[in-house]
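This report concerns only the one structure given below.
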Amino acid sequence: KREKKWKLTKANRKKAREEMESIVMNERIEKSFEGDRYTSTESECEKLLKALRHQSDLRYMTYFIDTAWPADYAAYIAKPMDWGKVNRTLQKRQYDKIGDVIEDLRLIFSNALKYNARGKGTDTVSGKAYDASVYMSKKLEVAIDKSMLAVSDRSERERIDHHIAEREIEAAERLEKERLRELWAKEGQQSGNDPSSSTVETIETIRIVNRRQPQRKEILDFEYFDEEDDGTHERSYIEAQRQQKTIYEKQTKARGQMHATARDAGAVVFDRAEKYAQILQIAIKMQKVARGKVPGKNNATNVDASTISNGEQSGSMVLSKLEKEDRAQIRLQPKIVKRKKKRKVAAISLE
């Protein structure tokens with residue numbers, strides 16, 4: 001025999017959906033730190049996003065992933081939204097409820113239907129975007145129904161487990177009270193005294209219930225992590241000191257080398273300047289001797305004894321060589337450098 005499937009009527013289905021929406025939409029997201037693994041509620045939101053990015057739906061979702069808005073888009077749409085923006089917001093843990101994620105995803109396609117309604121039924125880009133938004137909005141609602149079933153089932157199971165744990169604790173407390181009463185009655189019968197006047201030592205039981213409190217945004221300027229010191233901070237401090245010491249030694253050595261190089265360069269410059277001054281003095285003396293020369297005498301050139309004793313050549317000896325008749329004249333002719341013309345090379349493009 002075939003088993004008959006239980007089917008809901010439209011009214012019951014609508015009522016069940018409203019009940020699930022009231023549970024799921026207000027379900028707070030258990031947030032993890034940015035970059036860590038998603039929690040169960042964050043994973044459900046990620047499943048909604050992945051349901052719209054199947055390979056078969058790529059041609060439809062190209063209009064809604066990272067949209068370049070037209071110039072007149074703001075005139076029709078108050079709050080632009082696309083898939084990439086929802087994904088980035090979820091990664092930054094900025095959503096507080098699952099309903100916020102669902103509302104933004106629905107807003108993607110409702111904006112597209114509103115803006116591209118003018119191109120409905122045409123073969124233009126607006127017409128294709130309108131058809132794609134109709135198709136993807138239906139697929140989104142199917143994914144939302146599946147997510148609602150999973151989230152509501154898990155949340156209700158957690159609530160039931162919580163109620164069962166509370167009842168078990170209450171039953172244990174009742175049993176403990178009954179045991180104490182029986183013990184008190186037995187002690188009263190054995191002592192023969194008035195049970196009301198006898199004192200009985202009671203044991204108080206404390207009920208501990210682990211309730212999941214909704215996460216609230218704390219107003220902090222920064223995130224504070226209270227980590228235990230396992231010795232790595234001390235090691236890193238010592239390594240930083242060693243590195244600073246090594247850098248200081250290298251800088252000191254480089255500074256000493258720079259000073260030595262500057263000192264050597266200064267000595268060379270000073271030596272050249274001193275030689276240039278000596279040559280200048282010799283040229284001045286030679287000029288003075290040339291002006292005091294007497295014509296008609298063979299031995300007209302006089303050599304200063306002091307200059308000869310110092311190993312310097314007098315100006316008269318140089319002038320006597322310059323005045324020889326058979327001396328070849330020195331001609332200085334500047335060399336003209338001809339610039340070669342650059343040959344133009346034809347550019348060859350390989351396509």
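What are the residue pairs meeting all of these: first residue in segment 81-110, first residue farther than 18 Å from M61 by Cα, second residue of a type in the set (V, I, T) and surrounded by 15 or more Cβ atoms within 10 Å (Cβ to Cβ), Cβ atoms under 6 Å, and 6 or more apart or on different chains? Qualifying pairs under 6 Å: Y95/I29; Y95/V101; I98/V24.
Answer with yes or no whether L48 is open to solvent by less than 20 Å² (accessible area, probe 1.4 Å) and of a type in the set (A, V, I, L, M). Judged against the criteria, L48 is a match.
For segment 1-85, the helices (runs of 4 or more DSSP H) that sit wholly inside it and include 3 or more residues that are under 17 Å from K97 (Cα atoms) are 10-24, 40-51. Find all pairs meeting these conditions: Cβ atoms under 6 angstrom apart; at least six residues apart or on different chains; first residue within segment 263-286 and aliphatic (A, V, I, L, M); second residue assigned to a helix (DSSP H, G or I). The qualifying pairs are M286/G315. Checking each residue in segment 20-42 for being open to solvent by 40 Å² or more (accessible area, probe 1.4 Å) and either without any contact (Cβ under 8 Å) to a residue 40 or more places away in the chain or on the phi > 0 side of the Ramachandran plot (or both) picks out S22, G35, D36, R37, Y38. Taking (1) more than 29 Å from the chain's Cα centre (by Cα); (2) surrounded by 15 or more Cβ atoms within 10 Å (Cβ to Cβ); (3) in a loop (DSSP other than H, G, I, E, B); (4) not charged (D, E, K, R) in turn, N116 satisfies each apart from (3).
Consider segment 65-108 and keep the residues that are of a type in the set (G, A, S) and closer than 15 Å to L49 by Cα. The one that is farthest from the chain's Cα centre (by Cα) is G99.
Taking the listed residues S147, S133, the one that is in contact with a helix residue (DSSP H, G or I) (Cβ under 6 Å, 6 or more places away or on another chain), touching a residue at least 24 places away in the same chain (Cβ under 8 Å), part of a helix (DSSP H, G or I) and farther than 23 Å from A71 by Cα is S147, with no other qualifying. Just checking, how many residues over segment 86-103 are open to solvent by 20 Å² or more (accessible area, probe 1.4 Å) and in a helix (DSSP H, G or I)? The qualifying residues number 6.
The values are calculated or read from the model by the stated rules, or taken from the named source; none is laboratory data. The structure presented is a predicted model; accordingly, all values stated were derived computationally and were not measured. For neighbour counting, all protein chains shown are included, and Cβ atoms are generated from backbone atoms with ideal geometry for every residue, glycine included. Heads up: the accessible areas ignore ligands, DNA and RNA and are worked out on the full protein's heavy atoms, side chains in. Shrake-Rupley method; radii C 1.70, N 1.55, O 1.52, S 1.80 Å.
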